[in-house]
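Engineer: Here you go, one structure.
The values are calculated or read from the model by the stated rules, or taken from the named source; none is laboratory data. These figures come from a predicted structure and were not determined experimentally. Methodologically, a virtual Cβ is constructed for each residue, glycine included, from the backbone with ideal geometry; neighbour enumeration extends over all protein chains shown.
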Amino acid sequence: MPAALLNFEGISNDDNMAVLQSGSIPPDPNGDVGPSYYVQWVNRLFAIWDKNGNRLYGPAAGNTLWQGFGGMCETNNNGDPVVLYDQLANRWLMSQLALNFLKPEFHQCIAVSQTGDPTGGWFRYDFLISTTKLNDYPKLGVWPDAYYLAVNQFKQGDWAGQGVVAFDRAKMLAGLPAAMVYFDLFNLDRNLGGMLPADLDGSSPPPPGAPNYFIQFDDNAWGYSPDQLQVWRFHVDWGNPSTSTFTGPQVINLSAAGLGFDSDLCANGERQCIDQPDADSRLDGLSDRLMYRLAYRNFGDHEALVVNHTVDADGLGRAGIRWYELRLPGGTPTLYQVGTYAPDGDHRWMGSMAMDGVGNIALGYSVSSAATYPSIRYAGRLAGDPLGALLQGEATLIAGGGSQVGPLSRWGDYSMMTVDPMDDCTFWYTQEYYPAPAAVRWHTRIGSFKFPSCTPGPRGRLQGTVKDASTGLPLSGVTVVAGVNTTLTDAAGYFQFTALPVGVFDVAVSVYGYVAQSATGIPVTDGGTQIKDFALTPLAPATVQGIVTQGSGHTWPLYARVVISAPGYSNTVFSDPVTGAYSVSLRQGITYTFTGSAVSGGYSSVTLVVTPLTGNVVQDLVLNIDLAACVAPGHQPEYVYLEDFETSDGGFATSGTTSWAWGVPTSGPGYAYSGAKVWATNLSGNYPNNENGYLISPGIDLSAYAGQTLILTWWQWLQTKKYDDFAGVEASKDGGATWAVVYGEVSGMIASQWTAHRVTLDPSYAMSNFRLRIGLRSEAGGFAGYYVDHVGIGVIPAASTLAYAEDFEAGDGGYAASGNASWAWGAPTSGPGGAYSGAKAWATNLSGDYGNNENSTLSSPAIDLSAYAGQTPVLTWWQWLETESGFDFPSVEVSRDGGDTWQTVYGTVSGQVDLAWTPHRIALDPRYAVSNFRVRFRMRSDLAITAPGFYLDGVAVEVLPTLPPALCRLQPGGLLVGHVYDDDFLYPVNGVRVSHIDGSTITFATPDDSVVPDGYYSLFAPAGSRDITASFGSVSVTQTVLVPSESSVVQDFYLPLYVVILILIMK
């Protein structure tokens, strides 16, 4: 290997002590190189050098980047840092954690440099990833359409699954408010973890529209067979984020190719087995995950990904580095070469690798043994070397002078190899070491080297400024495209491409609000600097204004969010809560999309296209109510049965081991949905351990509605311990002799405010002795539990249509199993001991228990529901189900695109769910009435202890008739709107209940609306003189309000100061 070109000291833990008066371990050393700078970031400091190794800035605390920004990103410096250079934009990207375990809140802080100079200004962002799960070990990747992130999630110290996130790169480069798209993969597969996103190297982007690739490995040593790489694809759609997808896995079976490995380096799941001299302690091999980065490069004739992880190289616990190069013909990753680097008896681990512009590979890592102090070395291969081997020898960046002594074993947790964008040849690497024996006085080193055979082609510079043609002022955030290269102008309107290959370029510049320009035939010469300036002509302004109203029959205006978007532009305005009016200044000649949605909910959103603007426009928006939910203010379902539990317990009774009680709740929501009384698992506290009981309705005579479809509705507030305690709703058509699950089982923080739920029941339930029961079973307890109010039943005067049915008697129905599966079709002899109907069924094992480490699916063929477009499909099936409680999890998923993407609609559940054949019904969104609908049944198990499993029969899809508007009844009355303040400082207060005898709501924050303050509420009330009460705890204020008919009235409330103090203390 070539010797180091530069080799200098980075940040040390002594720097942490000097700057922050406290140390950190491990250091998490990482850094990247740009045209003129090298930036290194460790736990909890960063520093900036020029490319001669002269330190220009720092070391400074990581949260210095957010100084003056406010919030947790400014106050917290929680580390796990990442720094990347975005070569396509000539910007720097820096990120770390901000954590609050008490609240809890888990944030990702991201800063994007405003220019290519990291010592200059930064655009700062604070993204709240979760209020329940720690976003540990965050790893970022640069991609043209987003900055992508992978996180290992934990909840109260327990593993909580893989999380993946996309951040709106274009908005962040421009310093605009930016959104994120987040997928929590735990329910998809709890074993997923340790993923890395692809990170772009070089000036050639991936093909247009290419997804970002996420990869993880799985190993039979951990019980996940076979040894494999899993490839997932993240496609984000910023125009419609809800259609973004995270799909996979594509499994690369390494065991089948004879390339299996053992990543259980220390055996039995231990992590500390890296020997070092003169120390009893051993170091952490961190061999359970891929090592940063997953480096991507587009060579034009092929695309490549390189990555590495640590393995047991000899079966005796000697650490070696398994590395891979994948290529992507047609966008499908395939294994091109693989090797394990372990040339002698020393341990090698904690690697990072990259490819230069001609395809040479370099791998940096730590090395240690009983005779070798932990040191930093690097190895590599030339593009023309035989595949699967690093044949260019090994070089030492620095030899360690001591071991990490004492009880702490953490090392790394990562390092970083990058490539200089100026020549696309020079590798830069940073890693930790100890110059002398010490407990936590780690140092880091930064070095560079290059293969002599890598000679950069002739390159030149293209730069210029973009100004407003009418004012002469510079324009920032202008997109400048030269060939396949893209950058943005800075605050001075300046742009530059620092290392373009020699040639002739067409350059295009564009920014929202201006006429785009282009220039052709711009020459770039070797070593030369070509200057090209632009002056853009602004488009004429146009004002769009209108009123947001509802199209349901009521005449009052709506407080609505109006999102306006166009290429390079996104803005959100709000209509006035009293008048419904909105106004926004736009530009002529541009086509805009307007999407309106009610802030209060209960209405369907509406999307209109205004194309193109030629002057001022009046654009009113009309929002129709969501008939299926029927929860919009002033609307109520038409019930044939309704129980609000105000005058009595409704004849409901309890059974089993249960704490269900009727009365006024003081825990959970702290109030009823309507009126004062509810049923709850505990009216004044948490439900107990080992609860297994029901709340059962009296018999309800529905025989007068024979042949009609029933709609069961109820309001609930529901919080249980996830994966341990489960709730569900069942219905009976025979007075309680048999029951069918119609909702759930569900687990976790399901509804932290009163929420309406509706399920449809087929006409067979329209009997004289219909009954309903609501259940809770617990193992852990300690949560507020289940609160139920306002139970009703409506009818649709038509029966459902059977669109699909499969009883599995004549054949397997075309269903197919995939994954590590035990699924089989036939006559079951275990579990229920027989099919629900006939003789045959599908089961995870027809004659025994499912297997350990199962992660399998049973998928239906495509089912054509396109004839029922716009109607509601109802998926039904019969199941017998028992798993190891709390560890093995079945679920049911559906797809409306033939299986490209899936949505969980049932589960995950666990334990003795159904020990008799039990029917289940799930009403789906009308969007699932498509030609390629599919359903799949998933089973996931852990390393040990199994049970009979999942047995399936009688899968069917019914289609409900369209809900007639008459079933969502218009109520006469008006709308109250207003705010609640404290009466001393006029501070708006959120979380206050505003109520009258027939209804209530809670004040809420309006952080996105700069005009309407927090503490806002809207509440329907019958017309006339009404007593309206604002209350928090024991403090309340009541006002008598004259509610107008078919109009709105403003009523604010003022509560005593100490209520506000109490709220702040609770926060």
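Engineer: For the range 861-898, which residues satisfy the criterion of being crowded, with 21+ Cβ neighbours inside 10 Å, more than 28 Å from Thr243 (Cβ to Cβ), in contact (Cβ under 8 Å) with a residue 60 or more places away in the chain and not aromatic (Phe, Trp, Tyr)?
Structural biologist: Gln879, Leu881, Glu882, Thr883
Engineer: Those residues that are in a strand (DSSP E or B) and touching a Leu at 6+ places or on another chain (Cβ under 9 Å), I need them from the range 483-497; list them, please. If you could, list the steps in order and put the result at the bottom.
Structural biologist: Of the range 483-497, the ones in a strand (DSSP E or B) are 485-488, 494-497.
Matches in the range 483-497: Asn485, Thr486, Thr487, Leu488, Phe495, Gln496, Phe497.
Engineer: Filter the range 66-111 for residues that are over 22 Å from the mean Cα position of the chain (by Cα), within 18 Å of Pro138 (Cα to Cα) and of a type outside the set (Asp, Glu) and give the result.
Structural biologist: Within the range 66-111, Asn76, Asn77, Tyr85, Trp92 qualify.
Engineer: Sticking with this one: Could you tell me which of the residues Asp264, Asp312, Asp278, Asp288 is on the phi > 0 side of the Ramachandran plot and not small (Gly, Ala, Ser)?
Structural biologist: Asp278
Engineer: For the range 500-530: of the residues being part of a strand (DSSP E or B) and among the aromatic types (Phe, Trp, Tyr), which is farthest from Ala482 (Cα to Cα)? If you could, list the steps in order and put the result at the bottom.
Structural biologist: Residues of the range 500-530 part of a strand (DSSP E or B): 500-501, 503-510, 514, 517-524, 529-530.
Keeping just the survivors that are among the aromatic types (Phe, Trp, Tyr) gives 505, 514.
On the way: Phe505: 6, Tyr514: 19 Å.
The extreme case among them is Tyr514.
Engineer: Hey, among the residues in the range 241-256 that are among the β-branched types (Val, Ile, Thr) and in contact (Cβ under 8 Å) with a residue 40 or more places away in the chain, which one's farthest from Val181 (Cα to Cα)? I'd like the intermediate steps shown before the answer.
Structural biologist: Applying the first criterion (among the β-branched types (Val, Ile, Thr)) to the range 241-256 yields 243, 245, 247, 251-252.
Within this subset, residues satisfying the condition of being in contact (Cβ under 8 Å) with a residue 40 or more places away in the chain are 245, 247, 252.
On the way: Thr245: 9, Thr247: 14, Ile252: 27 Å.
Residue satisfying both the conditions and the ranking: Ile252.
Engineer: So, one more: So, in the range 6-23, of the ones that are in a loop (DSSP other than H, G, I, E, B) and in contact (Cβ under 8 Å) with a residue 40 or more places away in the chain, which residue ends up farthest from Tyr433 (Cα to Cα)?
Structural biologist: Ranking the candidates gives Gly23 first.
Engineer: Considering the range 650-679 alone, what residues qualify as being in a loop (DSSP other than H, G, I, E, B), surrounded by 18 or more Cβ atoms within 10 Å (Cβ to Cβ) and at negative phi?
Structural biologist: Once the filter is applied, which keeps residues that are in a loop (DSSP other than H, G, I, E, B), surrounded by 18 or more Cβ atoms within 10 Å (Cβ to Cβ) and at negative phi, the range 650-679 yields Phe652, Thr658, Ser659, Trp660, Pro665, Pro669, Tyr671, Ala672, Tyr673, Ser674, Lys677.
Engineer: Here's a follow-up. So Gly175 passes all but one of these: (1) modelled with pLDDT of 90 or more; (2) in contact with a Phe, Trp or Tyr (Cβ under 6 Å, 6 or more places away or on another chain). Which condition number does it fail?
Structural biologist: (1)
Rundown of residues vs (1) modelled with pLDDT of 95 or more; (2) under 24 Å from Gly175 (Cα atoms); (3) not charged (D, E, K, R), yes/no style:
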{"position": "Gln496", "(1), (2), (3)": "no, yes, yes"}
{"position": "Pro523", "(1), (2), (3)": "yes, no, yes"}
{"position": "Asp526", "(1), (2), (3)": "no, no, no"}
{"position": "Gln530", "(1), (2), (3)": "yes, no, yes"}
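Engineer: Mind listing whichever residues of the range 747-769 are buried (at least 20 other Cβ atoms within 10 Å of the Cβ) and in contact with a Phe, Trp or Tyr (Cβ under 9 Å, 6 or more places away or on another chain)?
Structural biologist: Of everything in the range 747-769, those that are buried (at least 20 other Cβ atoms within 10 Å of the Cβ) and in contact with a Phe, Trp or Tyr (Cβ under 9 Å, 6 or more places away or on another chain) turn out to be Ser747, Trp754, Leu761, Ala766.
Engineer: Can you work out which of the residues in the range 985-1000 that are outside any loop (DSSP other than H, G, I, E, B) and at pLDDT 90 or above is nearest to Ser583 (Cα to Cα)?
Structural biologist: This residue is Pro988.
Engineer: Are there any pairs, at least 6 apart or on different chains, whose C-beta atoms fall under 6 Å, with the first in the range 257-271 and surrounded by 19 or more Cβ atoms within 10 Å (Cβ to Cβ) and the second part of a loop (DSSP other than H, G, I, E, B) and modelled with pLDDT of 90 or more, and if so, which?
Structural biologist: If the second residue must be part of a loop (DSSP other than H, G, I, E, B) and modelled with pLDDT of 90 or more, the pairs left are Phe261/Asp227; Ser263/Asp219; Ser263/Ser287; Leu265/Gly285; Leu265/Ser287.
Engineer: Within the range 680-690, identify whether any single residue is closer than 19 Å to His757 by Cα, assigned to a strand (DSSP E or B) and in contact (Cβ under 8 Å) with a residue 12 or more places away in the chain, and answer yes or no.
Structural biologist: Within the range 680-690, one or more residues are closer than 19 Å to His757 by Cα, assigned to a strand (DSSP E or B) and in contact (Cβ under 8 Å) with a residue 12 or more places away in the chain.
Engineer: Please enumerate the residues belonging to the range 67-85 that are assigned to a loop (DSSP other than H, G, I, E, B) and free of Cβ contacts under 8 Å to residues at least 12 places away in the same chain. Give the derivation first.
Structural biologist: Within the range 67-85, the first condition is being assigned to a loop (DSSP other than H, G, I, E, B), and the residues that meet it are 67-71, 76-81.
If the condition is that a residue be assigned to a loop (DSSP other than H, G, I, E, B) and free of Cβ contacts under 8 Å to residues at least 12 places away in the same chain, then Gln67, Gly68, Gly70 are the ones that fit.
Engineer: Also, quick follow-up: Those residues that are out of contact with any Lys or Arg (no Cβ under 7 Å at 6 or more places or on another chain), charged (D, E, K, R) and more than 29 Å from Ala947 (Cβ to Cβ), I need them from the range 865-905; list them, please.
Structural biologist: Asp897, Asp900
Engineer: Could I ask something else about it? Which numbered condition trips up Ser225, out of (1) part of a helix (DSSP H, G or I); (2) touching a residue at least 24 places away in the same chain (Cβ under 8 Å)?
Structural biologist: (1)
Engineer: Something else now. Inside the range 215-261, can you point out the residues that are charged (D, E, K, R) and modelled with pLDDT under 95?
Structural biologist: If the condition is that a residue be charged (D, E, K, R) and modelled with pLDDT under 95, then Asp218, Asp219, Asp227, Asp237 are the ones that fit.
Engineer: For the range 591-646, which residues satisfy the criterion of being over 21 Å from Leu558 (Cα atoms), within 32 Å of the chain's Cα centre (by Cα) and buried (at least 20 other Cβ atoms within 10 Å of the Cβ)?
Structural biologist: Passing the criteria: only Tyr592.
Engineer: Pick from the range 1-27 the residues that are out of contact with any strand residue (DSSP E or B) (no Cβ under 6 Å at 6 or more places or on another chain) and among the acidic types (Asp, Glu): which of them is nearest to Ala383 (Cα to Cα)?
Structural biologist: That would be Glu9.
Engineer: Among Leu305, Leu286, which is the only one that is among the aliphatic types (A, V, I, L, M) and more than 20 Å from Gly412 (Cα to Cα)?
Structural biologist: Going through Leu305, Leu286 in turn, just one is among the aliphatic types (A, V, I, L, M) and more than 20 Å from Gly412 (Cα to Cα): Leu305.
Engineer: Out of Ile48, Ile25, I need the residue that is among the β-branched types (Val, Ile, Thr) and within 29 Å of the chain's Cα centre (by Cα). Which one?
Structural biologist: Ile25
Engineer: Say whether the condition of being touching a helix residue (DSSP H, G or I) at 6+ places or on another chain (Cβ under 8 Å) and of a type in the set (S, T, N, Q) is met by at least one residue in the range 879-894.
Structural biologist: Of all residues in the range 879-894, those touching a helix residue (DSSP H, G or I) at 6+ places or on another chain (Cβ under 8 Å) come to 894.
Subset that is of a type in the set (S, T, N, Q): none.
No: the range 879-894 contains no residue that is touching a helix residue (DSSP H, G or I) at 6+ places or on another chain (Cβ under 8 Å) and of a type in the set (S, T, N, Q).
Engineer: Shifting gears a bit: Quick check on the range 894-905. Is at least one of its residues β-branched (Val, Ile, Thr), part of a strand (DSSP E or B) and modelled with pLDDT under 90?
Structural biologist: Within the range 894-905, one or more residues are β-branched (Val, Ile, Thr), part of a strand (DSSP E or B) and modelled with pLDDT under 90.
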